[in-house]
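What follows is a set of notes on a single structure, which appears directly below.
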């Protein structure tokens, strides 16, 4: 499977200059996926660059990438050009100008993906898919790449608490950690269980945290989330939901999905805010936004 996709990807980008795009509000997996794809294209002597087109990157993401030796400022490229060739990682559609030539993503979608090459696989992280492409090539996989892979998989699954965790991939990572003598794996796990510092954030910063935007059947949908210990107090929640209601009413948003992950008690609270009201659902587990919540939202908007 991966060898065939690798050949298709290389054939589609050969002799071209490729702009690799993490998604807006770029997270650890999205940026690490871009870094790993860039290394893979470098191996095939394909000119490329990583373009973080959105300034909103969390402090946790900046810190983790900085500790791994990457200064995100060099990837911050905001110029929009319609003739750019884009390769999207960890998302399947973009608002930015350019022609999408490739997509690699681990989130299922019922939307039509307009790209020359589209690789989707249900996975812990998009970085894992790119690792398998590296494995299918003849390039040497280094300890640095395994470290990048570990951070992407651990952060994106909340250290394998999330329902998006693929057990076989988790076990494979543990074997790779041993094979490549990745020191302090338990320390890395602790570093990758992230909590949203809501006590030092404004209401707007909290409701925008990890925001993603979607166009589903011509409808505008946004989602955002926080990861905290325990659940929100009623007064705090009311302030956040009031702010989202105002944004929905003034910013032409058809639905905003706000998710609060209680990492201490392994619970998920989901709030669906529309112009006509708010619905709430509670899950007795850490569910995945991309694998569990958004696909159901897609089904709703494509069947109304």
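We did not get these values from a lab; they are worked out from the coordinates using the rules stated. Predicted model, so just to flag it, every value in this text is computed and none were measured. Because the Cβ atoms are built from the backbone with ideal geometry, glycine has one as well, and the counts that use them run over all protein chains shown.
Using alpha carbons only, how many degrees (0 to 90, rounded to 10) separate the axis of helix 234-250 from the longest principal axis of the chain? The helix 234-250 is inclined about 70 degrees to the chain.
When DSSP beta bridges are restricted to pairs lying wholly in region 198-301, around 70% turn out antiparallel.
Kindly identify region 1-155 as rounded, prolate or oblate by the Cα gyration tensor criterion: order the square roots of the eigenvalues as a ≥ b ≥ c, call it rounded if a/c is under 1.5, otherwise compare a/b with b/c, prolate if a/b is larger, else oblate. Kindly include the intermediate steps, with their values, before the conclusion.
Details: a/c = 1.31, a/b = 1.05, b/c = 1.25.
It comes out rounded by the Cα gyration axes.
Computed packing ranks the peptides 214-227, 124-137 as 124-137, 214-227, most packed first, by mean other Cβ atoms within 10 Å. Of the peptides 290-303, 98-111, 74-87, the order by per-residue mean of other Cβ atoms within 10 Å, starting with the highest, comes out as 98-111, 290-303, 74-87. Against the chain, whose longest principal axis comes from its Cα atoms, helix 167-179 is set at around 50 degrees. For region 25-100 versus region 120-199, the inter-centroid distance based on Cα atoms is 18 Å. Classify region 198-301: rounded, prolate or oblate, from the alpha-carbon gyration tensor (a ≥ b ≥ c, eigenvalue square roots; a/c under 1.5 rounded; otherwise prolate if a/b is larger than b/c)? It comes out oblate by the Cα gyration axes.
With a 10 Å radius around each residue's Cβ, average the other Cβ atoms per peptide and rank 197-204, 269-276, highest first.
Details: 197-204: 12.1, 269-276: 16.4.
Ranked by mean Cβ neighbours within 10 Å, highest first: 269-276, 197-204.
Counting only DSSP beta bridges with both residues in the chain, tell me the antiparallel percent, nearest 5. For the chain, the DSSP antiparallel bridge percentage is about 40.
Can you show me the helix-derived [θ] at 222 nm for the chain, built from DSSP H runs with n ≥ 4 at -39,500 (n - 2.57) apiece and divided by the number of residues, rounded to the nearest 500. Show your work: numbers first, answer last.
Working: 10 runs with 114 residues, N = 304.
Taking each H run of at least 4 residues, the total per residue is -11500 deg cm²/dmol.
Structural descriptor for the chain: relative contact order 14 percent, calculated from alpha carbon pairs under 8 angstrom and at least 6 residues apart.
Let me make sure I get this right: for region 73-229, a, b and c are the square roots of the gyration tensor eigenvalues over alpha carbons, sorted descending. Under 1.5 in a/c it's rounded, otherwise prolate if a/b > b/c, else oblate. Which is it?
Working: a/c = 1.78, a/b = 1.17, b/c = 1.52.
Oblate, since a/c reaches 1.5 and b/c is not below a/b.
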